[in-house]
Amino acid sequence: MGNVETREALVETLFHGTGTSYDEMVHFATWGRDRQWKKELLSMMEEPKRVLDLASGTGILALGMAELFDCHVTGVELREEYCAEARENAEARGIEDVRFFVSPAEHFTIDEQFDHITSCYIPKYIQHLDVLVGNMVKMLAPGGLMLLQDFAYPSKPMWQTLFDSHFERMRRKAREEAPGWLTMFEGLPEVIRTSTWKEDLAAAMERHGLVDIKTIDQSFGMSAIVSGRQPS
Ligand SMILES: C[S@@+](CC[C@H](N)C(=O)[O-])C[C@H]1O[C@@H](n2cnc3c(N)ncnc32)[C@H](O)[C@@H]1O
C-alpha cells in the first residue's frame, strides 16, 4: 500500500479539529469557487441511482447528490470527526438514504455496485492512485462513471501568482482569526503545488480499463475534474 500511512498522518495533521468549521471555510478558502466546482461535477452526472462518494468529509457533496438525484449515497471518509459531522448534517436535513463509513478509500470494499463514484478533494492525498482506482473499478457498475475533482496548481505564471498570494492571505487570516486552520494553510499549498494527480489519475484510469477519460480544468487551472467510464 506504499505510503498510505504517511499520507494519513498528513491528512490528520492538516484536518485535525477543523470539522465543525469546514463548510464555511471551504467556501472562503476557494474564493467561493467550491460551489461552482461542485456544480460542474454534478452537471456531468447522469441521474445515478447509487453513488459512492470518496473523502465524503462533512457531506457537502454526498448530501447534495442525495437531494438532487433522490439517490442512495455511500460516503467513505478517513476521519471519524468529519464522518460524525456528515451523519449529523444528514439527520438535520432529513436525508435517510445515505450512510458513512470511516475508512481509507484505498482499502474500502463492499460487495455492491455503484453507478457513479465521485469525490471532491481526494486525489492529491492519495500516494498511489493506481491502488485507489484498481479498488474502485471493482465497485463501478458497467457503463458507470468515476468523477474526481481536486485543487490543482495552475500552469500560467499569472494564475500561479494569484494562487500563491491567496494562500498567503489565508495564512494571515488564520493567524488572526482562525488559528485552528493555520496548519492547513501552511501545508496545503505545497501539497497542491507538488501533486501530479491529474496525470496520474488519468493514467491509472486507463491502466484499469476505464474509457472516455477526460480532464476538465476549472477556474484557470486552480481545480480540475478527471472522469472515466467503465465499459458497458
Ligand atoms: C477537503 S475535505 C473534502 C470533503 C468533501 N469531499 C467536500 O467536498 O466537502 C477532504 C477530505 O478528504 C479526507 N481524506 C483524505 N484522504 C483520504 C483517504 N485516503 N480516504 C478517505 N478520505 C480521505 C479527509 O479526511 C477530508 O475529510
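The values are calculated or read from the model by the stated rules, or taken from the named source; none is laboratory data. The model shown is predicted, which means the values in this text are computed figures rather than measured ones. Virtual Cβ from ideal backbone geometry, glycine too; neighbours counted across all protein chains shown. Heads up: the accessible areas ignore ligands, DNA and RNA and are worked out on the full protein's heavy atoms, side chains in. Shrake-Rupley method; radii C 1.70, N 1.55, O 1.52, S 1.80 Å.
Tell me, what % of the accessible area of the chain is carbon and sulfur with a 1.4 angstrom probe?
Ligands and nucleic acids excluded, carbon and sulfur give 52 percent.
Which percent of Cα pairs goes in each bin when the distances of region 85-222 are cut into 5 angstrom slices starting at zero?
2, 8, 15, 17, 16, 15, 14, 9, 3, 1, 0
Using modelled backbone amide H atoms (1.01 Å from N, in-plane), which distant-in-sequence or interchain residues come within less than 5 Å of Thr118's amide H?
Here the answer is Leu52, Asp53, Leu54, Leu147, since their amide H atoms fall under 5 Å of that of Thr118.
Per q in 0.26 1/Å, what log10 I(q)/I(0) does a Debye calculation on the alpha-carbon atoms of region 5-44 return?
-0.84
If I take every Cα pair under 8 Å that is 6 or more residues apart in the chain, average their sequence separation and divide by the length, what percent do I get for the relative contact order?
Answer for the chain is 20 percent.
Tell me, Kirkwood radius of the chain from alpha-carbon pair distances, in Å?
Averaging 1/r across every pair of different Cα atoms and inverting gives 17.9 Å.
Would you mind checking Lys173/Lys198; Lys49/Lys138; Lys39/Lys173; Lys38/Lys138; Lys39/Lys138; Lys49/Lys124 for any pair whose Cα atoms are more than 23 angstrom apart?
Distance filter (> 23 Å) returns Lys173/Lys198; Lys39/Lys173; Lys38/Lys138; Lys39/Lys138; Lys49/Lys124.
Starting from the Cα-Cα distance between Glu46 and His166, subtract it from 0.36 nm times their residue separation and give me the gain in nm to one decimal.
Once the chain is fully extended between Glu46 and His166, it gains 39.8 nm.
Scanning the chain for GluC sites (Glu not before Pro) in DSSP loops with at most 12 other Cβ atoms within 10 Å, what's the longest stretch left with none? Spell out each step's value before the answer.
On the way: sites that count: Glu46, Glu96, Glu112.
Between the exposed loop sites, the longest stretch runs 113-232.
Between Asp70 and Glu206, what FRET efficiency follows from the Cβ-Cβ distance if R0 is 25 Å, with the result rounded to 0.05?
Values: r = 33 Å, r/R0 = 1.31.
Once rounded, the FRET efficiency stands at 0.15.
Distances over 19 Å make up what percent of all Cα-Cα pairs in region 17-75?
Details: 525 of 1711 pairs.
Of all Cα-Cα distances in region 17-75, 31 percent exceed 19 Å.
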